[in-house]
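> Please find one structure pasted underneath; my questions will follow.
FYI, it's all coordinate maths here, none of it is from the lab. As the structure is a prediction and not an experimental result, all values here were calculated from the model. With ideal geometry, Cβ positions are generated from the backbone for all residues, glycine too; neighbour counts draw on all protein chains shown.
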Amino acid sequence: MRRQLIILFFSPPIFLPDDIQIWIRLSHDHFSAGICHASGSPQQSLHMRLLLARLVANLGKRQAYNEWRWMNEAVASAPSEFCLPDMVNRRCLSEPLQYILGIRFCFILSASPYIRSPGTQPFGPLDLLVRRPVLIPRPETEHWVIRLSETIQPSAQAPLSLLDIGTGSGCIPLLLCHLWPQGSIHAQGIDISPHAICLANDNALLADIPPPSECDHDMKRKNTFSATLANFLTPTFPETVMESKPPFNIVTSNPPYIAWKELVELPRSVSEYEDSRALFGGSSGLEFYEAIADFVGREDVVSADGVVALEVGRGQARVVEELIRSTGRVRHTEIWRDLWGVERTVIGRT
């Protein structure tokens, strides 16, 4: 203990910006309220400075200051749910901040109006709940989904059906439902993860996009979405498990596309916290694309003048494009680049 005290008293001072100093002072109240116990204000201040210094060492100054602010906002809003040192420790172990802050949002689905807060992931104009281990929506996905919404123009007079394979958080179909005119799209997502199905349906509730069962007599006036636990690789899919039946006007997917050999290259925040079933596409990274190509190649799965939109990993676009062309059902293809110039999305038209 004596050695520890010497280190603390003779450590160089930690200089922090004024706004961070304010957050440190505000956080004292939460420490004394029972979130974390300390014996006095000087000790609290030192403890807070050391916590922030640890966060800076792991994340870098700018990212650490932003996340420190969001953590303190979470503590202030739900002191019984959060402990700041625990949050910092989890973050320094590479757990994504969205998972750390997401717990309180399980309880506000009926809150109105909804205010953007940490613990959700912005996705276009939506704020989507995130919960471990479901994949956190990425900006490259957001980019091509918005572009798809601008490319296709459905209407309530000619509504479209959409199937999203491996829906995860529901981000792809929910954003399209939000952006397209009401009554113009009826979407269904499938996933093999019960966690994903629960989260996708929670996000639909948060985004005010009802399931078809609540709109039986009003589907012409509402876009709808539901998520169903299903494995599209089974021979009986989709006949036995889905509310919507083929043919589908649009099939979308951001399937697992990372090859097993790339595991060592992933950051810990991905490899240790996000569902491996949503990440890895077999030894080549292409196994799910091969299965999707077989699926959309079936007769009457995709309608005439239908669209297939598949997100792909770096260097996979040309191979996936050839896979869906080889079905004989997809006649025209194009490849879209993401904001960083990477070939990210393969678009096929029947």
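> Among ARG314, ARG62, which comes first, second and so on when ranked by fewest other beta-carbon atoms within 10 Å? Walk me through the numbers before you get to the answer.
On the way: ARG314 14, ARG62 9.
So the residues, fewest neighbours to most, are ARG62, ARG314.
> Step through the residues of the range 345-350 one at a time and calculate ³J(HN,Hα) from phi using the Karplus curve (6.51 cos²θ - 1.76 cosθ + 1.60, θ = phi - 60°), rounding each to whole Hz and writing x for Gly and Pro.
9, 9, 10, x, 10, 8
> Hey, another quick one. Amide H to amide H, which residues 5 or more places from GLY183 or on other chains are under 5 Å from it, using H placed in the peptide plane?
HN-HN under 5 Å from GLY183: LYS222, ASN223.
> Can you find, among GLY348, PRO238, HIS143, the residue farthest towards the positive end of the dipole of the range 139-349? Put +1 on the C-beta of Lys and Arg, -1 on that of Asp and Glu.
GLY348
> Further question: Convert each backbone phi in the range 65-79 into a coupling constant with the Karplus relation 6.51 cos²θ - 1.76 cosθ + 1.60 (shift: θ = phi - 60°), then list the ³J(HN,Hα) values in order as whole Hz, x for Gly and Pro.
For the range 65-79, the Karplus-derived couplings read 5, 5, 5, 4, 5, 5, 4, 5, 4, 5, 4, 5, 8, 8, x Hz, x marking Gly and Pro.
> A further question on this structure: May I ask you to evaluate 6.51 cos²θ - 1.76 cosθ + 1.60, the Karplus curve with θ = phi - 60°, for each residue of the range 313-320 and list the ³J(HN,Hα) values in order in whole Hz, giving x for glycine and proline?
Per-residue couplings from phi come out as x, 4, x, 9, 4, 5, 5, 5 Hz.
> Can you put TYR65, TYR289 in order, fewest other beta carbons within 10 Å first?
Values: TYR65 19, TYR289 26.
Going from sparsest to densest Cβ surroundings: TYR65, TYR289.
> Can you put THR327, THR234 in order of Cβ neighbours within 10 angstrom, beginning with the fewest? Mind showing how you got there, number by number?
On the way: THR327 20, THR234 10.
Result, fewest neighbours first: THR234, THR327.
> Next question. Can you give me the long-range amide H partners of ARG344? Hydrogens built in the peptide plane at 1.01 Å from N, cutoff under 5 Å, separation of 5 or more residues or another chain.
TRP336, ARG337, ASP338
> Considering only DSSP beta bridges whose two residues both sit in the range 139-349, what percent are antiparallel, to the nearest 5?
Numbers: 12 of 34 bridges.
Taking every DSSP beta bridge with both residues in the range 139-349, the antiparallel ones total about 35 percent.
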